[in-house]
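Remarks on the structure that follows.
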Amino acid sequence: MNKPTRWTRLLPTLGPGTVWLLVFTLVPTLLIFYTSFLQRDPHGWLSGPLTLENYRRFFGIGPDGIDPLYLEILGRSLLLGLVTTVATVVIGFPFAFFIAGSPRKNLLLLLVVLPFWTNFLIRVYAWIVIFQRKGVLNALLGHFGLDPVLLYPSWTAVYVGTIYTYLPFLILPLYASVEKIDWTLLEAAHDLGAGRLRGFWHAVFPQTLPGLIAGVLLVFIPAVGTFVISDLLGAGKAILVGNVIQQQFGASRDWAFGSAAAFVLMAVVLTGLWLYARWAGERGMEELV
C-alpha cells in the first residue's frame, strides 16, 4: 500500500475551497475580462469581434481628443474610499481601545454589530429620514432656533452614509488586535525613558497593525465600489463608478462596457494592494500582508 503523499493528505481539506474559488471567483473574473473586449449590438446583446473600444471609451480616448468623464467618476470613487477609510480609522481606532478597556465590552460589541441585524437598505433609508428637509435633523435644529440645512440629496449624505455603513468593518478586526496587546511592552518602554506618545507608537501601535490593516482593506475595497448608498442618498446626482457599472448591466444593457469598467476598477484596487505589499515587504512587514 502506497504511503499517502503530502498533497494527498491536503486534498480533502484544500480541494473544496479550491474548487469554490475556481468556480465562483476565477471563472467569473475571466468571463468579465473576456466580455470587456466584446461589443453591444443594436439589440443589446453581446457580439464580436474583439475590440479595445470599451477601454478607450472608459479612458475617454476618442477622435476628438480625451474626454475625462469616466476617469473623473473613478477619481470620485477612489476619493470616497480614501475619505471613508481615514474617517473610520479616526473614529474606530480610539473606540476599539475603549471597548477593550471597558467592563461592558460585550454590550459595546453588541452595539457595534447590531446594525447588521437590520436590512442594509433600511439603514440607508433611515439616513434619508434624518437628512431630508423635514427630517429629524432639521426638526432638532428648529427646536433650538437654527435654520434648516439641506443635506439630502448631497455628497455629504453619501459620505456620512458610507462611513456609518463600513465603520464596524474596521472596529471589529482592530478590536481583535487591541484585545491581544501585551501591555508589559509599554511598561518596558516607559522604564527605558520613553514618554507616553513615543511609548505608544513603538510598543503598542505595532501590535495593532494586523487588525488595522485588515480593517482598512475591509473598508476601502467595498467603499470604492459602492453604488447603493450613492444612488439613494445622492438621489442619482452622486455618480460613482459602481453606479456606472450597475447602470450598464441594468437599464443600458451594455454588458461589454460594464465589464470593462468593472475590470478597470478591479485592476486599480489590485494595483494598490500590490504596491502596498511591495512597500510592506521592503519594510519587513511581510507577515502583515
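Applying D = kT/(6 pi eta Rh) to segment 185-289, where Rh is the Kirkwood radius over alpha-carbon pairs, T corresponds to 10 °C and eta to 1.306 mPa s, the Stokes-Einstein value obtained is 94 µm²/s. Note down the Stokes-Einstein diffusion coefficient of segment 1-124 in µm²/s, whole number, using a Kirkwood radius over alpha carbon pairs, 10 °C, and 1.306 mPa s. It comes out at roughly 76 µm²/s. Computed with a 1.4 Å probe over protein heavy atoms only, the accessible surface of segment 31-151 comes to 66 Å² per residue.
In segment 204-265, the alpha-carbon atoms span a convex hull of 94 Å³ per residue. Around the amide H of I61, modelled in the peptide plane, lie the amide H atoms of D67, all under 5 Å away and 5 or more residues distant in sequence or on another chain.
When the Cα positions of P49, F98, A87 are compared along the charge dipole of segment 7-109, F98 comes out farthest toward the positive end, with charges on each C-beta of Lys, Arg, Asp and Glu. 3J(HN,Hα) along segment 208-214: 8, 4, x, x, 5, 5, 4 Hz, from the Karplus curve 6.51 cos²θ - 1.76 cosθ + 1.60 with θ = phi - 60°, whole Hz, x for Gly and Pro. Helix content alone sets the calculated 222 nm mean residue ellipticity of the chain: runs of n ≥ 4 DSSP H residues at -39500 (n - 2.57) each, divided across all residues, give -21500 deg cm²/dmol.
Return the tail of the calculated pair distribution for the chain, meaning the percent of Cα-Cα pairs more than 24 Å apart. Tail of the P(r) past 24 Å holds 66 percent of the pairs.
Gyration tensor analysis over the Cα atoms of segment 39-109 returns equivalent ellipsoid semi-axes of 48, 17, 7 Å (largest first, whole Å). The packing ranking of peptides 156-165, 233-242, highest mean first, is 156-165, 233-242, where packing means the average number of other beta carbon atoms within 10 angstrom of each residue. Each residue was assigned an accessible area with a 1.4 Å probe, and for D67 the value is about 90 Å². Each Lys and Arg Cβ is given +1 and each Asp and Glu Cβ -1; about its Cα centre, the chain then shows a dipole of about 520 debye. Size estimate for segment 125-258 follows the Kirkwood approach: the inverse of mean 1/r over distinct Cα pairs works out to 18.2 Å.
Computed from backbone phi with θ = phi - 60° and the Karplus coefficients 6.51, -1.76 and 1.60, the 3J(HN,Hα) list for segment 117-132 is 7, 10, 4, 4, 5, 5, 5, 6, 4, 4, 5, 5, 4, 6, 8, 5 Hz; x is used for glycine and proline.
The values are calculated or read from the model by the stated rules, or taken from the named source; none is laboratory data. Every value quoted in this text rests on a predicted model; they were computed, and no experiment measured them. Reconstructed Cβ throughout: ideal geometry from the backbone, glycine too, with neighbour counts over all protein chains shown. Accessible surface is based on the protein model in full, side chains and every heavy atom, while ligands, DNA and RNA are left aside. Shrake-Rupley method; radii C 1.70, N 1.55, O 1.52, S 1.80 Å.
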